[in-house]
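Report on the following structure.
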Amino acid sequence: LAGMTNTGATTWADYNTGIGSQRIVDLDGVHGTGVVDAKLVGAPAGPKILFFRAGSNDFFADSVSAATCKSRLDAYVANRLAAGWTKVYVFTVDDRTNFTAANRVEVAAYNDLLRTSYASTLIDVAALDTRFMNSADANIWSDGIHENDYGYNCVASIVADKMIADGYVGAGALVLILLLKRWPRVPIRRACSASSNTIDGHSALKWSMA
């Protein structure tokens, strides 16, 4: 995990990591307890927040149904909450060029399931920025599977909006953002506050490498 220090006026302990070519089921078990849950040890007082963006590889590698992918996500979220995380935010799955037509049908159904079951903890990237459902859009995609740095900044800005809306800005918290796609080598985020700093109309985060 890359340790990240928030540069705004908060007392967060922040961590951010990208793990490639993994499915939700690969990230539970040893990885969940040994890497993710390990961040709870010695964490500051306050909420423990996990942002978990996964599922794309489950559809691509396993051709799972929407229901199967959701059951995998449900298990992962339940295990993290049982371990002591206060809240686990999840993401809708976006497009990728190597999805089959059948994959896309199941992804759409999966996203709809999340909009019902995870309404209060959903980062609905697919709905908030429709470019994420068009993997041919070179403005945000690097290869049709992974976003470019600008695309990842757009994701981060949407996350910032959610944190502001849910009242976590200014409150000490442990924040772990776990993404199953490449994160920019040098992330650029503005201070997470209700300010005029925006990316495409969304509030933006600013992180610096610890």
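Here are the numbers for this structure:
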| quantity | calculated |
| --- | --- |
| Residues of the stretch 108-124 satisfying the condition of being in contact with a strand residue (DSSP E or B) (Cβ under 8 Å, 6 or more places away or on another chain), open to solvent by less than 50 Å² (accessible area, probe 1.4 Å) and in a helix (DSSP H, G or I) | L114, T121 |
| Any hit, the stretch 147-155, residues being open to solvent by 60 Å² or more (accessible area, probe 1.4 Å) and at pLDDT 90 or above | no |
| Counted residues, the stretch 76-107 - those being touching a helix residue (DSSP H, G or I) at 6+ places or on another chain (Cβ under 8 Å), among the hydrophobic types (A, V, I, L, M, F, W, C) and not in a loop (DSSP other than H, G, I, E, B) | 5 |
| Candidates A83, A102, filtered to the one that is more than 18 Å from L27 (Cβ to Cβ) and among the aliphatic types (A, V, I, L, M) | A102 |
| Sole residue being at pLDDT below 50 and either in contact with a strand residue (DSSP E or B) (Cβ under 7 Å, 6 or more places away or on another chain) or of a type outside the set (D, E, K, R) (or both), chosen from A136, A173, A204, A127 | A204 |
| Qualifying residue in the stretch 35-57 (condition: within 20 Å of V107 (Cα to Cα) and at pLDDT below 75) | no |
| Scan of the stretch 78-97 for residues that are under 15 Å from R23 (Cβ atoms) and under 15 Å from the mean Cα position of the chain (by Cα), ordered by number | V90, F91, V93 |
| Pairs, first at pLDDT 95 or above in the stretch 89-113, second hydroxyl-bearing (S, T, Y) and surrounded by fewer than 18 Cβ atoms within 10 Å (Cβ to Cβ), C-beta under 6 Å, six or more apart | E106/S65 |
| Flag for Y76 being buried (at least 18 other Cβ atoms within 10 Å of the Cβ), at pLDDT 95 or above, within 27 Å of K39 (Cα to Cα) and of a type outside the set (D, E, K, R) | no |
| Residue within the stretch 44-64 that is among the small types (G, A, S), touching a residue at least 60 places away in the same chain (Cβ under 8 Å) and surrounded by fewer than 21 Cβ atoms within 10 Å (Cβ to Cβ) present | yes |
| Within the stretch 126-146, tally of residues that are aliphatic (A, V, I, L, M), open to solvent by 30 Å² or more (accessible area, probe 1.4 Å) and in contact (Cβ under 8 Å) with a residue 24 or more places away in the chain | 5 |
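The values are calculated or read from the model by the stated rules, or taken from the named source; none is laboratory data. Please read these numbers as outputs of a predicted model, since none were measured by experiment. Cβ atoms come from the backbone with ideal geometry, glycine included; neighbour counts cover every protein chain shown. Areas reflect the complete protein model, heavy atoms only, side chains present, ligands, DNA and RNA absent. Shrake-Rupley method; radii C 1.70, N 1.55, O 1.52, S 1.80 Å.
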